[in-house]
Amino acid sequence: MKTGLRWLLPLLLTLGSAAAANASDICQQARTQQRPCVALVLGGGGARGGAHLGVIEQLERQQIPIDLVVGTSIGAFIGGLYASGHSAADIAQRLEKTPWAAGFRDRVYRDEMPLRRKQQTDDFPINLDLGVSAQGLRLPKGILSGQALAEILHSTFGAFANLTHFDQLPVPFRAVATDLLTQQEVILADGSLVQAVQASMSIPGVVRPLEINGKLLVDGGVVNNLPISVARQLGVDRIIAVSIDSPLLRREQIESAFSITEQLTSFLVRAGVQQQLQLLTEQDLLLQPDLVEIGTLDFEQIDQAIVSGRQSALRFVQALADFSQPQRIYRDWFSRFSQQHQPGITIDRIALENRSRLSDQLLLDRLQLRAGDVYTERSIRRGLRQMYGLDTFERITQQLTVDEYGDTLLRVTAEEKSWGPGYLNFRLMFEDDFRSNHQYQLAAAYSRTNLSPWGAEWHAELALGSDKYLQSELYWPLADSGLYLEGQYRHRRDVQALQDLQQLSAGELKNLEHAVQFNTGWNISDHARLQLGWTWRDGRYQLPSVYAAQLQTAEVDYIRRGPLAELVWDTLNSRSFPTRGIRLASSYRFLRDTALGESVDSTSSSTELLAAKSWQQHTLRTRWRFDHYNASSDATFALEQFSLGGFLNLSGYPADSLFGSQIQFGSLVYLYRLNEQKISFINAPLYLGTSVERGRVRKDVFGASGGTDATDWLWAGSVFLGWDTPLGPLYFGVGMAEQDAARYSDAVYLSFGKSY
């Protein structure tokens, strides 16, 4: 009978005739024990769903056996845990460990991305991921893809194989979702318990719809936020319903378009709930906890919601007593909760359903699971996040099934972004010291991904503003070797406003350059890369008058060509406000430089080390920088130039006022996070910070001083506010330099979109 129901049940429920088909199975134990068959119906309401747990706690205290659980949205989440054999105490522990904030972050953390993706995310933090094709711009189907929500559910529910029917659970269970195409109620009763719960929780327009059995499903609250009708159709005798739908907003709370939309949605949901309440009889019980002060996304108040649910149940102790059963009967019913949940399940086979243009082998290598391995929530989460970190997938799902021979199959489905494969992202940057230094830039990047099964891509960038450039590159991995080839072209025009230590303008240094570079490299891991290349650079410096007079020329044409090498190791979790990890980037160039009628061999190197460590709300980070250019003979012109000065780069000194061909710099920065992490689609921590900095410049600009040291070691520091916005880092601070007659002792900075 159950085998036939597996495919008949959805149709029967749609037609409204499921009660006769399944009621006897659900109520079998109740009939055997000669007691009423009781259903627990749990409504949707986001963070207010904690009230459901408070009610369940009281049901256990009063020895009330439940024969069916029906839930919508958060009601499906709490109800699914209860129905799968978890007591109220166990559910409370799991809720305490549930990282609700992570459910609003579909992207993996920076330290989980391949190095190339880290760099692109750093360079273009306005990560809109706009799809660009011949048909125009395309957008994702929701603010969130649901990847993080699925991860939370798998973490909470643990290893769970697909079920022929949810009647196989310790308590029969139904989750209610909405068919996005027909607006029909869909009752989920078999397959993946986690996917059923996720579909019921997928808020339309916020979380991408989940496809199950060919239907696009979203939150069940759209059509039935308190599914009393589902329990009634299945033939139960009595119902305990817990309603937690959103209270209507007061006049003073309606202050934006979003609040108006929320109010209209509440009207529709409440109208549906009122229809459901009419199905209750005198034999049933309705609980409506007081949750007015708890919003849908206020998951930090879930403990308060649990208390409200508990208090609501206590107000109806006498009514609940009518559902109670003698200890012998309740103990017999409760014995099903004593099942031991397996910490891991051995995987006999792995099946990959690859809905992308990438190689199966590439995805399986990143999954890092093999037949015979033990499936645990931790191991599968690591593997799926490594796949998802490629940043070309809309969603990666997994299911466990057991075949007729008892073998366990892990099925992984990888769906490429439906609005790709070309994506457009942006960067906005400006910096102002409220004196004479003002810089700004607007840039866009286009990436055409997955040009080969191993992840080849074409990447182009265009930047306008104080500094302008156009860049195009082709990146081509060589199968699964970790090796790659890369070709780049870059045209740039930089304008550097030079200042002296008295804050007086020294003119502008302009550089116009064309560069071609070919690289071959080895992706050692997601965190490390070794690259060798050859570059050809043709450019022209336009010198400010002070240096033009010293060098007796206003323009310097140059050609630079030769090999280079680069090593990067990067485990930082953020480039702007890292709280953990290390980044080491070191490059070496061995070039033949031709300028002012001279050709010399030169060597130059740049090394930067960043490290961060946090505890609670405190973060310490350090940055060390060493840049060096040296020509093989006494050249009259040093082509490689570096600078110090400006915010967190010897704060207090004018931006780039310390200019030369050798730089040494170190800093220690302390940050205190001012705001607590909230449950929100946007997480933007605010920091109060201070820094201590020390550095020096050797060999003055272009070697005009004849190679003498330009500065002694200099101290600097700053105090600032930093805001890690979704569009890039924002800083407002005061810098302090060594104070003497030749130097300013302070400066004010406003910076956006630039990492330090």
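In table form, for the structure just shown:
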read-out: Theoretical ellipticity at 222 nm over the chain - DSSP helices of four or more residues, -39500 (n - 2.57) apiece, nearest 500; value: -6500 deg cm²/dmol
read-out: Full-stretch length increase - GLN361, ARG592 - with 0.36 nm per residue and alpha-carbon distance subtracted; value: 78.9 nm
read-out: Added length on full extension, which subtracts the Cα-Cα distance from 0.36 nm per residue, ASP746 to VAL692; value: 18.1 nm
read-out: SER436 paired with THR520, simple spin-label distance in nm, labels 7 Å along Cα-to-beta-carbon; value: 5.0 nm
read-out: Estimated FRET transfer efficiency when R0 is 25 angstrom, pair TYR672-GLU300 (beta carbons, to 0.05); value: 0.80
read-out: Approximate spin-label separation SER599-TRP713, in nm, with each point projected 7 Å along Cα-to-Cβ; value: 4.2 nm
read-out: Share of carbon and sulfur in the accessible heavy-atom surface of the chain [1.4 Å probe, %]; value: 55 percent
read-out: Alpha carbon Rg of the chain, scaled by the compact-globule rule 2.2 N^0.38 Å; value: 1.16
read-out: Extension reserve of the LEU470-ARG31 stretch, reckoned as 0.36 nm per residue once the Cα distance is removed; value: 150.4 nm
read-out: Within the chain: Cβ-based charge dipole about Cα centre, in debye rounded to nearest 20 (Lys, Arg +1; Asp, Glu -1); value: 960 debye
read-out: Solvent-accessible area of TYR330 with every protein chain in place, 1.4 Å probe, in Å² to the nearest 10; value: 20 Å²
read-out: Backbone N under 18 Å from the ARG336 label point (7 Å along Cα→Cβ), restricted to region 65-87; value: 65-71, 76-87
read-out: Separation of the ARG349 and TYR109 label points, Cα + 7 Å toward Cβ, nm; value: 3.7 nm
read-out: Rounded to 5, the percent of DSSP beta bridges in the chain classed as antiparallel; value: 90 percent
read-out: Rounded accessible area per residue of region 273-401, 1.4 Å, Å²; value: 53 Å²
read-out: With all protein chains modelled, accessible area of GLU151 [1.4 Å, Å²]; value: 50 Å²
read-out: Top positive-direction residue, dipole computed over the chain with Cβ charges, set SER657, TRP454, GLY80; value: GLY80
read-out: Charge dipole (the chain, unit charges on Cβ, about Cα centre) - positive-most of LEU286, ALA595, PHE642; value: LEU286
read-out: Span-like helix ranges in the chain, DSSP H, alpha carbon extent 24 angstrom or more, Kyte mean at least -0.5; value: 257-277
read-out: FRET efficiency for ARG381 and GLN274, using Cβ-Cβ distance with R0 set to 56 Å, rounded to 0.05; value: 0.85
read-out: Estimated vicinal HN-Hα couplings, Hz - region 476-493 in sequence order (Karplus 6.51, -1.76, 1.60; Gly, Pro = x); value: 9, x, 9, 6, 9, 7, x, 7, 8, 10, 8, x, 9, 10, 9, 10, 9, 9
read-out: Of LYS118/LYS141; LYS468/LYS754; LYS97/LYS118, those spanning more than 21 Å from alpha-carbon to alpha-carbon; value: LYS118/LYS141; LYS97/LYS118
read-out: Local electrostatic count at LEU139 - Lys and Arg +1, Asp and Glu -1, tallied over other residues with Cβ under 13 Å; value: +2
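The values are calculated or read from the model by the stated rules, or taken from the named source; none is laboratory data. Everything numeric here is computed off the predicted structure, so don't read it as measured data. With ideal geometry, Cβ positions are generated from the backbone for all residues, glycine too; neighbour counts draw on all protein chains shown. Quick note on the areas: whole protein, heavy atoms, side chains included, nothing else; ligands and nucleic acids left out. Shrake-Rupley method; radii C 1.70, N 1.55, O 1.52, S 1.80 Å.
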